[in-house]
Amino acid sequence: MNGNKQLKERGDKVFIGTYARYPAAMVKGSGCRLTDADGKEYLDFMAGIAVCSLGHGHPKITEAICRQAAELVHVSNLYYTEPQIELAEMIIDNSFGEKLFLCNSGAEANEAAIKLARIYSAEGRYKIISLSGSFHGRTLATVAATGQPKFHKGFEPLPEGFLHAPFGDLQALEQMIDSSTCAILCEPLQGEGGVRPLAKEYLQGIKALCDKHGLLLIFDEIQTGMGRTGTLFAYEQLGIQPDILTMAKALANGLPIGAMLTSAKIAAPFIPGTHASTFGGNPVASAAAVATLQIMLADGFLEGVRKKGEYFQTELNKLAERFPTMLSSARGMGLLVGAVLTEQGVAHGTDIVNKMFDRGFLMNFAGNVVLRFVPPLVVTREEIDMIVAALAEVLAEY
Ligand SMILES: *Cc1c(COP(=O)(O)O)cnc(C)c1O
């Protein structure tokens, strides 16, 4: 078998250059550990970008995938399948939602939400307001919804009807609302934008504006959902309920899947012919998602996420006290954790992540402001201690 160097050479020759990859090819994983093609081991605090929440190679997920793959892999949505129904029932039983649409990725879930918001709203209402610094996906409509100009560059003209309100400013947001606005779209905590939480009062203010102007509130919980923040969905901790919620990343612990959740009333205009997906709710992905949810909803699991997240933030705050020129503080919810870099720290953000990679620790630099940690939710305190100790050694070099 090829090593890292050969695989990098082969890959770089054949792939369109959309990714700046680290010089390693991963071959095997178990729990929070990954092994590359040279046999080097890593402690994984990326979890496939907040996807493999139960860790790599979880035996129950592997079993569910194998069992379903042996029965039936795909039939399309021309027919019913039980794993898909079971998944929808589990999500609905554990959330505000009454109706679910299944697809294959986060961007697709947001596309479904955008289309539903437009078709549901009265004629002529099509504008969707999102927030600056947000991330909603890479398709044209979700890129237009994303509040970061760097993702728009070169792809204009973008689909019409997407506005971005300055982060944290309710007044500016209200001024953008007019008679053609149909929805406000936001993440309860901006993940890609730098693990930036939205204050509870701010979110409640957004909800109040939606009520006042008759708008739908769409929560993009693609990253914050599925237990990442210590409850199944982040909205449960915020005292408000969205009208539409999108999820994806960790839903099937690594198999591609996405979903849009809403009420029966709002879902009503999505009649046959309005929206569809060939692979959406594929039986294998659905079986993996059912097995994932069974584990996440078991006693003590989500409480453990909250406790480990608090512990992690406490330890990172101690590091910020030790290295005040580099780190200012920790922030986040549950195990979606960011260590905010100072101005000097930001200048070395990429370098810090590369040095951690060399030492065998996977994490990233997000929003040009934080070191982001999204470990598998099964991470142990010992593993948190290991990455904090390694980070202390790296920070001491500056
Ligand atoms: C990752 C992400 C998306 C896009 O999901 P894809 O599966 O990559 O299309 C959208 N919104 C948020 C908040 C995300 O974190």
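Points to keep in mind about this one:
- Across the range 72-296, the relative contact order, built from alpha-carbon pairs under 8 Å that are at least six residues apart, equals 30 percent.
- Heavy-atom accessible area with a 1.4 Å probe sorts D93, D299, D211, largest first, into D299, D93, D211.
- C-alpha center-to-center spacing [the range 67-119, the range 287-359] in angstrom: 30 Å
- Under 19 Å from the Cα of K115 - lysines, other chains or at least 8 residues apart: K99, K127, K265
- Note that the range 214-223 has calculated 3J(HN,Hα) couplings of x, 9, 7, 9, 10, 9, 8, 9, 4, 9 Hz, one per residue in order, obtained from phi through the Karplus relation 6.51 cos²θ - 1.76 cosθ + 1.60 (θ = phi - 60°); glycine and proline are x.
- Mean Cβ count within 10 Å, highest first, over the residues of peptides 220-228, 252-260: 220-228, 252-260
- Candidates V369, V195, V27, ranked by Gaussian network fluctuation over the chain, Cα under 10 Å, top entry: V27
- Taking every protein chain into account, the 1.4 Å probe leaves K200 with about 90 Å² of accessible area, to the nearest ten.
- Taken one residue at a time, the phi angles of the range 104-115 give Karplus couplings (6.51, -1.76, 1.60, θ = phi - 60°) of 10, 7, x, 4, 5, 5, 5, 4, 4, 5, 5, 5 Hz. Gly and Pro are set to x.
- Heavy-atom accessible area order for T342, T229, largest first, 1.4 Å probe: T342, T229
- A cut-off under 9 angstrom between Cβ atoms defines the neighbours of S263, and their net charge, with Lys, Arg +1 and Asp, Glu -1, is 0.
- Per-residue ³J(HN,Hα) for the range 50-59, Karplus 6.51 cos²θ - 1.76 cosθ + 1.60, θ = phi - 60°, Hz, x for Gly and Pro: 6, 9, 7, 5, 9, x, 7, x, 5, x
The values are calculated or read from the model by the stated rules, or taken from the named source; none is laboratory data. Here the structure is a predicted model, which means the values were calculated and not measured. Using ideal geometry, Cβ is built from the backbone for each residue, glycine included, and neighbour counts are taken over all protein chains shown. For accessibility, only protein heavy atoms count, side chains too; no ligands or nucleic acids. Shrake-Rupley method; radii C 1.70, N 1.55, O 1.52, S 1.80 Å.
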